[in-house]
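Comments concern the structure below.
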Amino acid sequence: VKGAVPLREKSLLAALRRIAQSPGPRSRRGNRSVVKGIGDDCAVLRLPRGHELLVTTDFSLEGIHFLRGWHPAESVGHRCLTRGLSDIAAMGGEPLAAFLSLAVPRELPQTWVRQFTRGLLRLAEQHGVILAGGDTAESPQGILADIVVVGSVPKGQAILRSGARPGDRIFVSGELGGSMAALRQRKGKKKAAIEGYRRHFCPQPRVALGRALREQKLVSAMIDTSDGLSTDLSHICEESGVGAEIDAERIPRARVAKPEREVDLELALHGGEDYELLFTVPAGKPIPARIAEAKLTQIGRITRARGMVVRDASGAAGPLEPQGWEHFR
Ligand SMILES: [Mg+2]
């Protein structure tokens, strides 16, 4: 079967292998978990003693998660890995290795792949993560990237969605709605205005924050805001068998564009892909204003009554329905 692989695909694989086999100094130094990376039938990973394995997988599909004509290739690579790292962060884990499967159409310029890989590997290096394997293929239509991120967490300490209890306070890191705001301004403009919309083009997964919250045993449940506050909070409520009440005025709204302006409440409530952490804190545990450079804001509380409620400035309450975010369809 290997002989049937077209030359172009072989060279793509070789290029990926070359890049991945020379991980930056930071990845080499701190990361002893990859015993054997690219270059054998399987990668060989070693888990720190007393740890459990975390595994997450995410698609990045052209036309669904990104637009080739609008997103720079480096941003696509960065966002592809962010999805995986953010999931590891939401469990309070330590990311160790990434695996990339990439299918590209025949006519795609090599520079696109190089820039995509550069964006992905730069973020990997920042987090001490090694690209330890993957696959390449020719796609009949569009670019398809599938990222697998493997991480570790001390045994029994992974933070789940199911731990929220009535009376817990609800917190979110950073600001919300900034990523979706970039999509709004896209309409009518050809070129991406990257400055002012960095939350969309190079979101920073909250790995250090997730780890600190787990180490300090501050949280009862956690999730990353990949689908939008209303949807991600509904996942915590469902898994924990509880409800939630949110104060609209307290939601930290992103400031975007130049000159800066605050995004609409709707975007902060329902806009996805901010990759912040949403978590619940048991009564009596004080939360500092900042951890690991991330601003933390209390936005509501967990209730015994099922369902989600949003309260406006006057105190009037209305139902909060989970509204999934639209991709590019
Ligand atoms: Mg997630």
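Summary of values
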| read-out | value |
| --- | --- |
| Sorted peptide list for 305-311, 265-271, 239-245, 214-220, criterion being average Cβ within 10 angstrom, highest first | 265-271, 239-245, 214-220, 305-311 |
| Normalised contact order of the stretch 220-302, rounded percent, pairs of Cα under 8 Å and 6 or more residues apart | 45 |
| Residue-wise HN-Hα coupling along the stretch 264-274, computed from phi with Karplus coefficients 6.51, -1.76, 1.60 (Hz; x: Gly, Pro) | 4, 4, 4, 5, 5, 7, 10, x, x, 6, 7 |
| Carbon plus sulfur fraction of accessible area for the chain, probe 1.4 Å, in percent | 51 |
| Å² of accessible area per residue within the stretch 51-187, as computed with a 1.4 Å probe and no ligands counted | 36 |
| Accessible area per residue in Å² at 1.4 Å probe, computed on the stretch 214-310 | 43 |
| Formal net charge of residues neighbouring residue 96 (Cβ-Cβ distance under 10 Å; K, R +1; D, E -1) | +1 |
| GNM result for the chain, Cα springs below 10 Å: residue of 76, 256, 44 fluctuating most strongly | 44 |
| Calculated from backbone phi, Karplus (6.51, -1.76, 1.60) coupling profile of the stretch 252-260 in Hz, x at Gly/Pro | x, 8, 5, 9, 10, 6, 10, x, 5 |
| Using θ = phi - 60° and Karplus 6.51 cos²θ - 1.76 cosθ + 1.60, couplings along the stretch 275-291 (whole Hz; Gly, Pro as x) | 6, 8, 9, 10, 8, 10, 10, x, 4, x, 9, x, 10, x, 5, 9, 9 |
| Non-local Lys pairs in the chain, i.e. 8 or more apart or on different chains, that have alpha carbons under 30 Å apart | 15 |
| Degrees separating the helix 229-240 axis from the principal Cα axis of the chain, which is the longest one | 80 |
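The values are calculated or read from the model by the stated rules, or taken from the named source; none is laboratory data. This structure is a prediction, so every number in the text was calculated from the model and none was measured. Reconstructed Cβ throughout: ideal geometry from the backbone, glycine too, with neighbour counts over all protein chains shown. The accessibility values were calculated without ligands, DNA or RNA, using every heavy atom of the protein model including side chains. Shrake-Rupley method; radii C 1.70, N 1.55, O 1.52, S 1.80 Å.
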